[in-house]
Amino acid sequence: MEAALLIPVLVFSFVIHELAHAWQARREGDDTPERDGRITLNPLAHLDPIGSFLVPILLFASGTGILFGWARPVMVNPGNYRSRVWGDIRVSLAGIAANLITAVVVVFLMGLVTWAGADVASGGRADAAFDLVYVVLQYALVLNLVLAIFNLIPIPPLDGSHVVAHMLPKGVRGAYRRAGPVAFVLLIAALYLGRFVGLDLFSVLFWPVRALQDLALLYVRLWI
């Protein structure tokens with residue numbers, strides 16, 4: 001039951017993230033994502049069978065508490081941007097911004113559901129549907145925050161690396177990008193294997209998610 005709720009929310013979060021990249025690229029002057037059919041909410045245009053479904057399901061079933069996955073990267077041509085540097089930065093950060101905006105909307109909906117559920121319960125007609133919707137919204141909040149924070153990590157090919165790359169000297173930039181894939185694999189391995197040696201690196205890395213989630217719940221309580 002939990003996986004049946006969690007995976008669709010994860011898929012939706014991926015779609016929002018990739019759609020934002022594609023939409024911003026078009027705004028910057030590059031129509032490559034539009035020609036590839038990526039400016040759409042259709043999940044089939046964005047999802048990777050392995051990264052968007054198989055890996056998350058296997059990680060969920062493993063019981064490690066770590067849920068990870070990926071969607072198909074949006075292909076862009078920075079040479080088409082009106083400003084190659086700032087265009088690349090804005091396109092890279094668009095996915096993060098989309099997940100954060102989604103998280104804000106979700107928090108408001110959580111408050112609304114809390115208020116509506118309390119109102120129904122006071123009338124003696126408590127409905128389990130409110131609980132189900134609230135759980136889905138909680139998943140949406142956490143997953144969108146995790147995607148936003150994770151993509152801020154300055155390790156190529158994550159979105160935050162594009163900002164850092166433009167701040168580096170040209171002679172260092174290439175080496176930084178080439179080292180990215182190895183560093184990324186090491187990061188994922190450390191997050192996963194750390195649990196087996198008593199190092200909860202996931203909690204350390206994603207402490208902003210917990211802090212923002214706590215603030216969100218404080219807001220939601222105002223609706224009671």
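The values are calculated or read from the model by the stated rules, or taken from the named source; none is laboratory data. What you are looking at is a predicted structure, and each value in this text was computed from that prediction instead of being measured. Every residue, glycine among them, receives a Cβ derived from its backbone with ideal geometry; neighbour counts consider all protein chains shown.
Residues in the stretch 15-43 that are assigned to a helix (DSSP H, G or I) and out of contact with any helix residue (DSSP H, G or I) (no Cβ under 6 Å at 6 or more places or on another chain): Glu18, Leu19, Trp23, Arg27, Thr32, Arg35.
Within the stretch 194-213, residues that are more than 17 Å from Leu152 (Cβ to Cβ) reach partners that are surrounded by 13 or more Cβ atoms within 10 Å (Cβ to Cβ) and β-branched (Val, Ile, Thr) with beta carbons closer than 9 Å, at six or more positions or on different chains, in the pairs Arg195/Thr64; Arg195/Ile66; Phe196/Thr64.
Looking at the structure I just gave you, is Pro181 within 13 Å of Ser92 (Cβ to Cβ) and without any contact (Cβ under 8 Å) to a residue 40 or more places away in the chain? Against the criterion (within 13 Å of Ser92 (Cβ to Cβ) and without any contact (Cβ under 8 Å) to a residue 40 or more places away in the chain), Pro181 does not qualify.
Only a single item in (1) under 18 Å from the mean Cα position of the chain (by Cα); (2) in a helix (DSSP H, G or I); (3) modelled with pLDDT under 95 is not met by Val105, and it is number (3). Being β-branched (Val, Ile, Thr), in a helix (DSSP H, G or I) and either over 20 Å from Leu10 (Cα atoms) or out of contact with any helix residue (DSSP H, G or I) (no Cβ under 6 Å at 6 or more places or on another chain) (or both): is that true of Ile188 here? Against the criterion (β-branched (Val, Ile, Thr), in a helix (DSSP H, G or I) and either over 20 Å from Leu10 (Cα atoms) or out of contact with any helix residue (DSSP H, G or I) (no Cβ under 6 Å at 6 or more places or on another chain) (or both)), Ile188 qualifies.
Across the stretch 175-221, the number of residues qualifying as of a type in the set (S, T, N, Q) and within 17 Å of Asn151 (Cβ to Cβ) comes to 0.
Summed over the stretch 8-34, residues that are aliphatic (A, V, I, L, M) and more than 13 Å from the chain's Cα centre (by Cα) total 2.
Filtering the stretch 121-143 to residues that are surrounded by fewer than 14 Cβ atoms within 10 Å (Cβ to Cβ) and either modelled with pLDDT under 75 or over 26 Å from Ser52 (Cα atoms) (or both) leaves Ala121, Ser122, Gly123, Gly124, Arg125, Ala126, Asp127, Ala128, Ala129, Asp131.
Residue by residue, here is whether (1) at pLDDT 90 or above; (2) buried (at least 19 other Cβ atoms within 10 Å of the Cβ) holds:
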| site | (1), (2) |
| --- | --- |
| Leu145 | yes, yes |
| Ala148 | yes, yes |
| Gly160 | yes, no |
| Met167 | yes, no |
| Lys170 | no, no |
| Arg173 | yes, no |
| Ala179 | yes, no |
| Arg195 | no, no |
